[in-house]
1. What's the extension gain from GLU196 to GLU155 if we count 0.36 nm per residue and subtract their Cα-Cα distance?
2. By the gyration tensor of its Cα atoms, with a ≥ b ≥ c the square roots of the eigenvalues, what is the shape of the range 105-253: rounded for a/c under 1.5, prolate for a/b over b/c, or oblate?
3. Kindly report the accessible area of the chain per residue (heavy atoms of protein chains, probe 1.4 Å, no ligands, DNA or RNA), in Å².
4. If I build a Gaussian network model for the chain, linking alpha-carbon pairs within less than 10 angstrom, which residue out of GLY99, GLY154, GLY119 has the largest mean-square fluctuation?
5. If packing is taken as the mean number of other Cβ atoms within 10 Å per residue, what is the order of 109-117, 238-246, 203-211, highest first?
6. Under the rule a/c < 1.5 gives rounded, and otherwise a/b versus b/c splits prolate from oblate, where does the range 194-253 land using the Cα gyration tensor?
7. Most mobile of LEU78, LEU164, LEU31 per a Gaussian network model of the chain (Cα springs, under 10 Å)?
8. Please tell me the relative contact order of the chain in percent, rounded to the nearest whole number, where contacts are Cα pairs under 8 Å and at least six residues apart.
Amino acid sequence: SRSLPVQQDFSRCFVSLRKAFEMKSLISLALCLGVLKGLWGQPDFPQLRQRMVREQLQSRDIVEGSVLRALRKVPRHLFVPEKYRAEAYSDPPLPIGEGQTISQPYMVAFMTQALRLKGSDKVLEIGTGSGYQAAVLAELVDSVYTIEIVEPLGEAAAKRLQALGYENIQVRIWDGYHGWPRQAPFDAIIVTAGAEALPQPLVDQLAEGGRMVIPVGPHQGVRDLVLLRKKRNGKLVRESLMPVRFVPFTREN
Ligand code: SAH
């Protein structure tokens, strides 16, 4: 009669052990399902990126092999806010916070191609934004200098670029109107915000033989994407490439 409670105890213990075990497997099952769903729900970014290059760049007028390679490589979805990740490889520009945008992939490729870069070039970008354009440039040339006027954007971009292993990009926070005098001259300058006129310091910091692309035109309107070339004798040649819309080039204060 003494053995019964022990047995009862034992079986109760067994039941609760089994319950615990079942609970545990239920929890593990739920966790597994969660992970699977996460993987399932995640778009295939590399595949979306290849498709972006085919459908948005090659189908238009982007032909430069090195530019296509760079856009096939840089993980654009890591440069947009999380809630826009799924749209990172679609055609339009996307918000990146602070009222600014990441340019559409085609515009990034077009402006990059227009600069006719070679590996040894030193490039200046005005308007770091997310850092995406800087990363694309860094795939093509030895050194990239990029300036952002909005501090939180510049800081986030610098962190992101470092995390992605881009060691040939320097980010600076200040008014890009003044360029980067200590690093001048530059073989190429790219301005990714719409200016009302050509900033003279940038023209001065262009090397002989250098190229600059910059959207120029009236505030808030359609601007002209200008290609400026400084010839060996210092003469400037200005060419209009296409009408474009860009967030405005702002000044300190
Ligand atoms: N190239 C960016 C897109 C930039 S949007 C990218 O790949 O994500 C234009 C950026 O230019 C904005 O972040 C804006 O804050 C910045 N900007 C505007 N005026 C500027 C100035 N005077 N100097 C530096 N950056 C400026």
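The values are calculated or read from the model by the stated rules, or taken from the named source; none is laboratory data. This one's a predicted model, so the numbers in the text were calculated from it and none came from an experiment. Cβ: placed from backbone, ideal geometry, glycine included. Neighbour counts: every protein chain shown. Surface areas here come from the heavy atoms of the whole protein model, side chains and all, with no ligands, DNA or RNA. Shrake-Rupley method; radii C 1.70, N 1.55, O 1.52, S 1.80 Å.
1. Gain in length upon complete extension: 12.1 nm.
2. Taking the square roots of the gyration eigenvalues as a ≥ b ≥ c, the range 105-253 is rounded.
3. 56
4. GLY99
5. 109-117, 203-211, 238-246
6. It is oblate, given that a/c is not under 1.5 and a/b is not larger than b/c.
7. Of LEU78, LEU164, LEU31, the Gaussian network model singles out LEU31 as fluctuating most.
8. In percent, rounded to a whole number, it is 12.
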